[in-house]
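Coordinate-derived values only; no laboratory data. Computed from a predicted model, the values in this text were never measured in an experiment.
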Amino acid sequence: MGDRTQVEIWVGTQQNHIIPSLAPPNLMSSHFKTSHAFPTETQKFCEQVHAAIKAFIAVYYLLPKDQGITLRKLVRGATLDIVDGMAQLMEVLSVTPTQSPENNDLISYNSVWVACQQMPQIPRDNKAAALLMLTKNVDFVKDAHEEMEQAVEECDPYSGLLNDTEENNSDNHNDEDDVLGFPSNQDLYWSEDDQELIIPCLALVRASKACLKKIRILVAENGKKDQVAQLDDIVDISDEISPSVDDLALSIYPPMCHLTVRINSAKLVSVLKKALEITKASHVTPQPEDSWIPLLINAIDHCMNRIKELTQSELEL
């Protein structure tokens, strides 16, 4: 029996035997009809749920470990979603009269149903799982980059405020400096030095997005399903990029601490270079001398060097 067949059998067991027994329509149809009239039916209902969940978890442990950590993490997450949803549903039903399902019942019911529906969508092999995770990471970094750009465009506390202040306080000049957001409130705006530092930070986040996109393309085009360990290594280091981008993004908001920006930038650069090194040394890069990797590393170094230049004064204080 090949590994592929093992996974297919596992998925088939989940989808055809365990999931239907957990699906809310099958579990709850009789409960809503009879549990208020026959308390023993509630006990039977709970026992049915318990048995289904035990069988569901048992089947999870049948998934071969050599299929890859990334795939197992996705399966584990989907399994926990269903088990947690069922636990929440049972808790709600235990304290809510069942003759007339309330909103909480319906919300819990729907969460379990959605979780059950997601199980058949789980990737069938570690390469597919790796591509799914890489795509999510690309989207996360893309969203972070867009939010940073939007913040740079919109985070101007004087936008329209100065004109309003001049019009509304023309006879009260002495109070101008007390207006919220006026230049005296330095916590709400970027200084010229801040704005200059943001430029290489944005470029570094763009490089992060490009790095993840390139890695995803290489895995899609050259990734081999039997190279599970290398695919897991690529995903593991790639998973660190988005949180590092988030840390950098949060540190650029005013009031900006240039030293914190420098530290977070260095952390992101370290993760990016490690991701590129792991990818370059793996089977997904058949030609390690491919020019895009050194070009991307040079771009990353250029951003970091510029950030160091702009924050050097912070180290000398």
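Values computed for the structure shown
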| quantity | calculated |
| --- | --- |
| ³J(HN,Hα), Karplus 6.51/-1.76/1.60, whole Hz, each residue of segment 132-140, x for Gly, Pro | 5, 5, 5, 5, 4, 5, 4, 5, 4 |
| For segment 74-82, Karplus couplings with θ = phi - 60° (6.51, -1.76, 1.60), whole Hz, Gly/Pro x | 5, 5, 4, x, 5, 5, 5, 4, 6 |
